[in-house]
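S.K.: Handing you a structure now.
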Amino acid sequence: MQCTINFVNNPLKVYKPGATIELLIELQVNETINVEEIFLKIIGQAKCEFLSRKKGKPLTACVNYLEKKISLLNISQIEPGMYDFDANFQLPYDIPSTMECIKGYWKNANGSIKYKLEVHVTSLWKPNWKFDNNFTVIAPLDLNQLSPVMHVPLMQEVMRKFSFDFSSKELYMSASIPQRGYTPGEAICVTVNLHNMTRVRIQSVRISLNKIMVLTSQKPIVEVVRILIVETLEYCDQVKPQLHRIFSKTLRVPAVEPNIDNCEIIKVGYEIAVKAKPSGMHRSVLLNIPVLIGTVALKNEQQQVVRRISYSSFETELQ
């Protein structure tokens, strides 16, 4: 027996919450079979698991967002041949986007939000058959409909005095981006301003786009872990003592899911992280700028205005 699940007018199998999914199910039967029922099962589920910090015991969580059954055929016997079934259903409006993290980032932590279809053929005399096919849900996030903060440049700064550096000078580092909201495929221009007035050499400056996943367990206890995954990475040159450098790097946003904040057990966010690594035993200097990844980019006119404001403000800072 063979089964093909076709997504009508949507070969990419990508849907928005609230969309109607139309299916054509083709079932090839090679012999006469006594069948109890043929039905379609729709499943949407968020799951996570990781090891407890204290005792190392496994912790889990599971939330069902979609669980539906559609009967396709009730008959006692089917003959060899090809059978076609039409089915359709509507997705809920408040379900989160599809996502999956890879094991191994922190104590075998793993989390996923998945949606799939299952065609079940239950037989009276033979083992049951099950055929499945996954589909993707992407919740739309139009950056133009969010707060005006999306269009405002962001800057973080820090000053650090290193141990055993007996001069009165400090290291100053700032990082800025022209806007807060981006979509996959867009470029994030990161400007790093570093005044190294200390006697310590800065070996390198690392700039990265990080995905931050927060997993929350339910059983047997509630515990929260934070997982960081580097999506895009760039390096800058060293900065010698008593030297001032300005770096500009472009980070391309890869094909990642948008921010997720409507799932009880899995949250997904993003940040720009700048890490200056000094020589010797000194601790690194860190800066983090939160960014929002959406599905609809900011309008070009707004982006151009933001870049002009950011550039003008940046020059004023240097004077």
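All of the numbers you see were taken from the coordinates with simple rules; none came from a lab. None of these values were measured; they are calculated from a predicted model. Here the Cβ positions follow ideal geometry from the backbone for every residue, glycine too, while neighbour counts run over all protein chains shown.
S.K.: In the set 27, 59, 23, which member is closer than 27 Å to residue 102 by Cβ and touching an Asp or Glu at 6+ places or on another chain (Cβ under 9 Å)?
M.R.: Testing whether each residue is closer than 27 Å to residue 102 by Cβ and touching an Asp or Glu at 6+ places or on another chain (Cβ under 9 Å) leaves just 59.
S.K.: Does the stretch 105-146 hold any residues that are under 27 Å from residue 181 (Cβ atoms) and in a loop (DSSP other than H, G, I, E, B), and which are they?
M.R.: Result: 105, 138, 139, 140, 141, 146.
S.K.: Report, by residue number, each residue of the stretch 115-125 that is in contact with a strand residue (DSSP E or B) (Cβ under 7 Å, 6 or more places away or on another chain) and not hydroxyl-bearing (Ser, Thr, Tyr).
M.R.: Matches in the stretch 115-125: 116, 117, 118, 119, 120, 121, 124.
S.K.: Of the conditions (1) crowded, with 16+ Cβ neighbours inside 10 Å; (2) more than 23 Å from residue 143 (Cβ to Cβ), residue 242 clears all except one; give me its number.
M.R.: All conditions are met except number (1).
S.K.: Confirm whether residue 76 is in a loop (DSSP other than H, G, I, E, B), touching a residue at least 24 places away in the same chain (Cβ under 8 Å) and polar (S, T, N, Q).
M.R.: yes
S.K.: In the stretch 124-151, which residues are more than 17 Å from the chain's Cα centre (by Cα) and surrounded by 15 or more Cβ atoms within 10 Å (Cβ to Cβ)?
M.R.: Listed by number, the residues that qualify are 129, 131, 133, 146, 150, 151.
S.K.: Give me the strands (runs of 3 or more DSSP E) completely within the stretch 157-267, filtered to those with at least 1 residues that are closer than 30 Å to residue 56 by Cα, ordered by residue number.
M.R.: 202-216, 224-236
S.K.: If you scan the stretch 149-204, which residues turn out to be without any contact (Cβ under 8 Å) to a residue 24 or more places away in the chain and not aliphatic (A, V, I, L, M)?
M.R.: Within the stretch 149-204, 164, 166, 168 qualify.
S.K.: Right, another one. Out of the residues in the stretch 147-156 meeting the condition of being assigned to a strand (DSSP E or B) and aliphatic (A, V, I, L, M), tell me which one is farthest from residue 201 (Cα to Cα).
M.R.: 154
S.K.: Moving on. For a quick check of your reading of the model, give me the residue pairs whose first member lies in the stretch 117-130 and is farther than 15 Å from residue 27 by Cα, whose second is among the hydrophobic types (A, V, I, L, M, F, W, C), with beta-carbon atoms closer than 8 Å and at least 6 apart or on different chains.
M.R.: 124/35; 126/33
S.K.: Can you tell me which residue is surrounded by the most Cβ atoms within 10 Å (Cβ to Cβ) among those in the stretch 198-212 that are farther than 22 Å from residue 177 by Cα and not β-branched (Val, Ile, Thr)?
M.R.: Filtering the stretch 198-212 for residues that are farther than 22 Å from residue 177 by Cα and not β-branched (Val, Ile, Thr), the one surrounded by the most Cβ atoms within 10 Å (Cβ to Cβ) comes out as 201.
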